[in-house]
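First comes the structure, then the notes that go with it.
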Amino acid sequence: ILVTTALSDARVLTALAARLGVPVDLSLSAIHAVLGEALTSKAPPDKQQPAPPAAAPPALHPKPAAGQALLATWHLHLDAGRLQAGEPHMAATAKAPYAVVSSSTAFEIDAAPGSQVRVSTGAGAITVPLRIEDIPDRVVWLPTNSPGCQVRATLGVSDGIVQIEAVAQAEEEAGR
C-alpha cells in the first residue's frame, strides 16, 4: 500500500503562516472573494489606462519604388557554409544561386525567366539568373550564402530595400 503525505501549496503556506503567527486564509472561498472584489472595484484615477497615441504607428515595411524591391533571403540546405569546406563532392550538389521575383516585378524591370538580373545596394551587387514564381510584387529573394551570392558580405544587408535591374544582353556577353 502506497501512502502519500503530500500537502497542497495552499495548506503548506497556511501552516507556515500559522507557525509564524500571521493568519492567512488560502481557502478557495477566500481567494474567490478577493478576486471578485478586485474585479468589481474601480481603479483609482491615477491608475487609469493612458490614452492611445495620437500619431499613427510607422509602416511595418518600407514601400519600394519602381526598380527597387524588398529583399528576402534565407540559407539553402547546401550553400557556401563552413560544413562544405573540404567536401568538394557534397558542395558540388548545391543549387546554383538565382533570384526570384513575381511576374509583374519581372515585367517592370523588363526581365525574362533565365535572364540575368542585378540586385544591388551602395555596398555592392550580385548578378544571378532570374526565376519567376508566385511571390509578392516588388520582393526579390536571393539565397543568403551560396557560391557567387553572399548577400550579407556583398550587399551589406540581409533585408530592406535593394535596387533590381535586368542586365542588358550586350553587358551579359561582355561579361562572358
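At a glance:
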| quantity | calculated |
| --- | --- |
| Cβ-based net charge around Val151, under 12 Å, with every Lys or Arg adding one and every Asp or Glu removing one | -1 |
| Leu26 paired with Asp134, simple spin-label distance in nm, labels 7 Å along Cα-to-beta-carbon | 5.7 |
| The range 8-23 - phi-based ³J(HN,Hα) in whole Hz, Karplus 6.51/-1.76/1.60, Gly and Pro as x | 5, 4, 4, 5, 5, 5, 5, 5, 5, 4, 5, 5, 7, x, 10, x |
| Potential extension, Arg11-Asp110 segment - 0.36 nm per residue separation minus Cα distance | 28.1 nm |
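Just so you know, all these numbers are worked out from the coordinates, no wet-lab data involved. Predicted model only: the values in this text are computed from it and were never measured. Here the Cβ is made from the backbone with ideal geometry for all residues, glycine too, and neighbour counts use every protein chain on show.
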